[in-house]
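First comes the structure, then the notes that go with it.
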Amino acid sequence: MIPAEFDYEVAESVEHAVQLLGGRPDAKLIAGGHSLLPLMRLRVARPGLLVDIGRLSDLRFVRQAGDRIEIGALTRHHDLANDRLMRERCLVLAHTASLVGDPAVRHRGTIGGSLAHGDPASDLPTTLLALDAEFVALGPEGERTIPAADFFRGIFETALSSSDVLTEIRVPAASGTYVKFNRRAQDWATVGVAVARTDGDVHVALTSMGPTPLRARAVEQALANGASPREAADRAEEGTSPPSDTNGSADFRRHLARVLVRRALEETLSD
Ligand code: FAD
């Protein structure tokens, strides 16, 4: 199918994008287009105006700022996966980016688009939740910072309003890993697990185990109380509500979560 008719504007700056979004209730941002365009071709999404932020090169960066690493929202998955600072200070996020889709997706898709899309099967949101990342958004009321724990609201639903532009993501230095099970190479995760270790704390988050990425709080608590990775992983399904779909039943996902959490913990804690 081809998309329904739409108008198209190129944003000259983030402020210009916010202004364009505010002027039309049926406007939508486009960054890499790798989530929005497939939906438009199916006519599931029918924006009347596309506001293209893809050329705002000042939103493509990875830089150190104090004890945090700042990532511009237009940073592409390929750039995140291969960035030297990211690989040195927060390999878990670089590694997660390297597992998104295929090379074509990684060369066009952006971290901001992945977050704003709000797909519970996406990989980067899970790792950012485990990292306790912060997201910076500019809207008509000005700039605000949203903790990852408050950002994901439901399936394809986030804390962003229709006239917000996500501009920056902030993460701490961390070790850890992301493991993903999929039925076909380069596909979305049937289940994914992020483990992030910062300052001695171990955080665990899950992909495709509910309507949003989820923190595996029972696993974290068990670890804090001295449980082994295997004992802690047995609690991976607590607080989850996995879907049943063509990739796997809810029961299969619960099983996968236990196995993948154990593997991810063993890998991280053996460092
Ligand atoms: P776009 O498609 O341009 O936008 C997506 C949504 O975000 C739109 O609603 C748009 O309005 C909004 N948006 C974009 N940027 C901003 C911003 N800065 N502020 C506010 N709103 C914004 N993802 C995975 O995680 N794992 C996978 O394995 C995976 N496999 C894929 C395989 C294929 C074949 C394809 C096509 C996609 C796959 N994806 C996967 C999704 C991919 O990662 C997308 O690139 C990403 O989800 C969206 O990024 P984008 O820049 O393309 O966003």
*Dipole in debye (nearest 20) - the stretch 180-235, about Cα centre, beta carbon charges: Lys, Arg +1; Asp, Glu -1*: 240 debye
*Kindly list the residues of the stretch 154-186 that lie in the label zone of residue 26, defined by a backbone N under 20 Å from the point 7 Å along the Cα-to-C-beta vector.*
162-164
*How would you classify the stretch 112-175 from its alpha-carbon gyration tensor, with a ≥ b ≥ c the square roots of the eigenvalues: rounded for a/c under 1.5, else prolate if a/b is greater than b/c, otherwise oblate?*
oblate
*When the chain is fully extended, how far beyond the present Cα-Cα distance does residue 254 get from residue 241, taking 0.36 nm per residue of separation?*
3.8 nm
*For helix 250-269, report the angle its Cα long axis makes with the longest principal axis of the Cα atoms of the chain; keep it between 0 and 90° and round to the nearest 10°.*
80 degrees
*What Rg and what Dmax come out for the chain when only alpha-carbon atoms are used, in angstroms?*
18.3, 58
*May I ask you to list the residues of the stretch 169-189 whose amide nitrogen lies under 17 Å from a point 7 Å from Cα along the Cα→beta-carbon direction of residue 42?*
187-189
*Enumerate the residues in the stretch 54-71 having an amide nitrogen under 19 Å from the point lying 7 Å beyond the Cα of residue 199 toward its Cβ.*
64-70
*In degrees, nearest ten, helix 14-23 long axis to first principal axis of the chain (Cα)*: 70 degrees
*Between the stretch 134-192 and the stretch 49-80, what is the C-alpha centre distance in whole Å?*
13 Å
*How high is the relative contact order of the chain, in percent, with contacts defined as C-alpha pairs under 8 Å that are six or more residues apart?*
16 percent
*Cα shape, the stretch 105-226, gyration tensor, a/c 1.5 rule*: oblate
*State, to one decimal in nm, how far the label point of residue 105 lies from the label point of residue 157, with both points 7 Å from Cα in the Cβ direction.*
2.5 nm
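None of the figures in this text is laboratory data; all of them are computed from the coordinates on show. Given the structure is predicted, the values throughout are model-derived calculations rather than measurements. Using ideal geometry, Cβ is built from the backbone for each residue, glycine included, and neighbour counts are taken over all protein chains shown.
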